[in-house]
Amino acid sequence: MIGEVIVFPEVEAVAIGYLVDELTAREDTAHVSDELPSPDLPNRVVKVQSGGPGGDVNLTTSRRSVIVQCWDIDRVAAANLAEACFGLMKALQGNQTRGAFVRKVAAVGAPVYFPDPLTELPRYQFTVSLDLAGRAL
């Protein structure tokens, strides 16, 4: 038998589940997913997707990035949704959610206006990296 095998949680599932839980607890009805609903985009949408290169910090910790895009009915509302999600993601540091322990959260890019050519809704985007604890397989 070879040495110990360490695996890590799927970062999109961790971030999506966490944002769903936290937004719901705050009575926010934003649709959170890794895909845009189709054919009609609801007014409040949060899309989470893994992004950019990551890598192992050490044997038991891996750094993974997520890109979070937020749409809403106007630019102020979209910015507020992005800031709420950004704050929630940063608060995840040192906490466990959905079976994953997040050792560290770092802002890679703060919320910024990111016009969407495919919809008529304003969109903001930010990127964070999550240092995820691994577990033995």
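The values are calculated or read from the model by the stated rules, or taken from the named source; none is laboratory data. As the structure is a computational prediction, the values presented were derived from the model and not from experiment. Each accessible area value is taken on the protein alone, full model and side chains, heavy atoms only, with ligands, DNA and RNA left out. Shrake-Rupley method; radii C 1.70, N 1.55, O 1.52, S 1.80 Å.
First obtain the Kirkwood hydrodynamic radius of region 43-118 from its Cα pairs, then insert it into the Stokes-Einstein equation at 25 °C and 0.890 mPa s, and state the resulting D in µm² per second as a whole number.
Values: Rh = 13.9 Å.
The diffusion coefficient I find is 177 µm²/s.
When the accessible area of region 1-64 is split by element with a 1.4 Å probe, what percent falls to carbon and sulfur? Write down the numbers at each step before the final one.
Values: 1950 of 3930 Å².
So the carbon and sulfur contribution to the accessible surface is 50 percent.
Roughly speaking, what is the stretch gain from residue 103 to residue 5, that is 0.36 nm per residue apart minus the C-alpha to C-alpha distance, in nm to one decimal?
Once the chain is fully extended between residue 103 and residue 5, it gains 33.3 nm.
Connecting C-alpha atoms closer than 10 Å in a GNM of the chain, tell me which of 127, 97, 61 has the biggest fluctuation.
Maximum fluctuation in the GNM of the chain, among the listed residues, is at 97.
Under Stokes-Einstein, with the Kirkwood radius over Cα pairs standing in for Rh, what whole-number D in µm²/s applies to region 93-137 at 20 °C and 1.002 mPa s? All intermediate terms of the calculation are to be shown ahead of the outcome.
Numbers: Rh = 12.8 Å.
Answer, rounded: 167 µm²/s.
Report, in deg cm²/dmol and to the nearest 500, the calculated mean residue ellipticity at 222 nm for the chain, where each DSSP H run with n ≥ 4 adds -39500 (n - 2.57) and the sum is divided by the residue count.
Numbers: 2 runs with 32 residues, N = 137.
Counting only the DSSP helices, I get -7500 deg cm²/dmol.
Which of 53, 122, 111 ends up with the largest GNM mean-square fluctuation for the chain, with Cα atoms connected below 10 Å?
Most flexible of the set in this elastic network: 53.
Please determine, in degrees from 0 to 90 and to the nearest 10, the orientation of helix 75-91 with respect to the longest principal axis defined by the Cα atoms of the chain, where the helix direction is its Cα long axis.
It works out to around 20 degrees.
Which one, 92, 23, 118, has the greatest fluctuation when you compute a Gaussian network model over the chain with C-alpha springs under 10 angstrom?
Evaluated over the chain, the most mobile residue of the options is 118.
Which entry in [x] 29, 14, 13; [y] 34, 16, 12; [z] 31, 16, 11 matches semi-axes √(5λ) of the Cα gyration tensor in Å derived from the coordinates of this structure?
Correct label is [x].
Across region 38-77, what fraction of all alpha-carbon pairs, as a whole percent, falls in each successive 5 Å bin from zero upward?
Taking every Cα pair in region 38-77, the percentages come to 6, 18, 17, 17, 12, 11, 9, 7, 4.
Can you give me the angle between helix 11-25 and the longest principal axis of the chain, using Cα atoms only, in degrees from 0 to 90, rounded to the nearest 10?
50 degrees
Leaving out ligands and nucleic acids, note down the accessible area per residue over the chain with a 1.4 angstrom probe, in whole Å². Display every interim value, and only then the final one.
On the way: 7520 Å² over 137 residues.
Heavy-atom SASA per residue in the chain reads 55 Å².
Quick one: length gained pulling residue 74 to residue 112 fully straight, 0.36 nm per residue minus the C-alpha distance? Could you put the intermediate results ahead of the total?
Numbers: separation 38, 0.36 × 38 = 13.68 nm, distance 1.43 nm.
Answer, rounded to one decimal: 12.2 nm.
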